[in-house]
1. Anything in region 64-85 that is under 25 Å from Gly27 (Cα atoms), at pLDDT below 75 and not small (Gly, Ala, Ser)? List them, or say none.
2. Tally up the residues in region 1-38 that are loosely packed, with under 13 Cβ neighbours inside 10 Å, of a type in the set (Val, Ile, Thr) and more than 13 Å from Leu72 (Cα to Cα), please.
3. Could you say whether any residue in region 4-14 is at pLDDT 95 or above and part of a loop (DSSP other than H, G, I, E, B)?
4. Do you know which residues across region 15-24 are modelled with pLDDT of 90 or more and part of a loop (DSSP other than H, G, I, E, B)?
5. Regarding region 53-74, can at least one residue be identified that is assigned to a helix (DSSP H, G or I) and either touching a helix residue (DSSP H, G or I) at 6+ places or on another chain (Cβ under 9 Å) or exposed (fewer than 11 other Cβ atoms within 10 Å of the Cβ) (or both)?
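The values are calculated or read from the model by the stated rules, or taken from the named source; none is laboratory data. If you're wondering where the values come from, they're calculated on a predicted model, not measured in any experiment. A quick note on method: Cβ atoms are made from the backbone with ideal geometry, for glycine too, and the neighbour counts reach across all protein chains shown.
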Amino acid sequence: MSQAEPYKDYTPSEEVVEMTLVRVDEGQSDNYLSGLRKTWVAANEIDQKLGRLKNFSIYMVPYGDNEFNIVLIEPRWVCRRLFGL
């Protein structure tokens, strides 16, 4: 089996991200997202305006019961500084 070579077969990302996996009860996604809008999204929008954050994302995942169904993604600039990225 051949192995992929960095910079030849793919380009490694220098970005460090935090992924939060959330399992929201059935029928509660709208309530959860409304709460995020007032807290997590609002805080990230402030960081964007201050130039500390380029982007952040919320993804809905169509998995079955007992699995996460919402994914929150945001860069971790503290990790970038720690590892010199």
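1. Listed by number, the list holds a single entry, Asp65.
2. The number of residues fulfilling the criteria is 1.
3. No, region 4-14 contains no residue that is at pLDDT 95 or above and part of a loop (DSSP other than H, G, I, E, B).
4. Answer for region 15-24, where residues must be modelled with pLDDT of 90 or more and part of a loop (DSSP other than H, G, I, E, B): Arg23, Val24.
5. No: zero hits.
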